[in-house]
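The values are calculated or read from the model by the stated rules, or taken from the named source; none is laboratory data. Please read all numbers here as calculations on a predicted model, not as lab measurements. Because the Cβ atoms are built from the backbone with ideal geometry, glycine has one as well, and the counts that use them run over all protein chains shown. Just the protein is used for accessible areas: all its heavy atoms, side chains included, with ligands, DNA and RNA removed. Shrake-Rupley method; radii C 1.70, N 1.55, O 1.52, S 1.80 Å.
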Amino acid sequence: QVQLVQSGGGLVQAGGSLRLSCVASGRTFSSYAMAWFRQAPGQEREFVAAIRWTDIWTYYADSVKGRFIISRDNTKNTVYLQMNSLKPEDTAVYSCSAGRDPRDRLWHNYDYWGQGTQVTVSS
């Protein structure tokens, strides 16, 4: 079992920045890849970024590439999503998740989920 607890999010103006955090716990969490997904009202949940605990590779959706950065701190069991140059279309509920393969962009293939946090970008 893996537990994921998120923090961060909120309201920001377009062009601003926010950072989300996700603390993982449980016996096997380090064997999972970690990803961020987001879901806007009326839309499908979509992949944002992913990373493993054990290597340097990161994966991004084209819509956030160059603006968002996923990173991890193994000493704190924490994954971060630094969101820069935010746009109104980034407004969504953001959720961290744990799955088997960071290249997998299908949300239903991920096994564990954080509680979700609202990010609202005003124009």
| request: With the condition kept exactly as written, say whether any residue in the range 55-71 is under 11 Å from the mean Cα position of the chain (by Cα), closer than 17 Å to Gln6 by Cβ and not hydrophobic (A, V, I, L, M, F, W, C). | output: yes
| message | For the range 25-41: of the residues being touching a Lys or Arg at 6+ places or on another chain (Cβ under 9 Å) and buried (at least 16 other Cβ atoms within 10 Å of the Cβ), which is farthest from Arg105 (Cα to Cα)? | response | Tyr32
| remark: Restricted to the range 45-55 and to residues being over 11 Å from Met34 (Cβ atoms) and of a type in the set (D, E, K, R), the residue surrounded by the fewest Cβ atoms within 10 Å (Cβ to Cβ) is Asp55
| Selection count, the range 1-59, where residues are over 16 Å from Leu81 (Cα atoms), of a type outside the set (Phe, Trp, Tyr) and not in a loop (DSSP other than H, G, I, E, B) | 5
| query | Does the range 56-73 include one or more residues that are in contact (Cβ under 8 Å) with a residue 12 or more places away in the chain, open to solvent by less than 40 Å² (accessible area, probe 1.4 Å) and within 17 Å of Gln115 (Cβ to Cβ)? | reply | no
| task | Would you check if there is a residue in the range 104-116 being in a strand (DSSP E or B), of a type outside the set (Phe, Trp, Tyr) and either open to solvent by 30 Å² or more (accessible area, probe 1.4 Å) or under 22 Å from Ser17 (Cα atoms) (or both)? | result | no
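Quick one: which residue in Ser17, Ser7, Ser95, Ser85 is within 13 Å of Thr117 (Cα to Cα), in contact (Cβ under 8 Å) with a residue 60 or more places away in the chain and open to solvent by 20 Å² or more (accessible area, probe 1.4 Å)?
Details: Ser17 fails: within 13 Å of Thr117 (Cα to Cα); Ser95 fails: open to solvent by 20 Å² or more (accessible area, probe 1.4 Å); Ser85 fails: within 13 Å of Thr117 (Cα to Cα).
Result of the check over Ser17, Ser7, Ser95, Ser85: Ser7.
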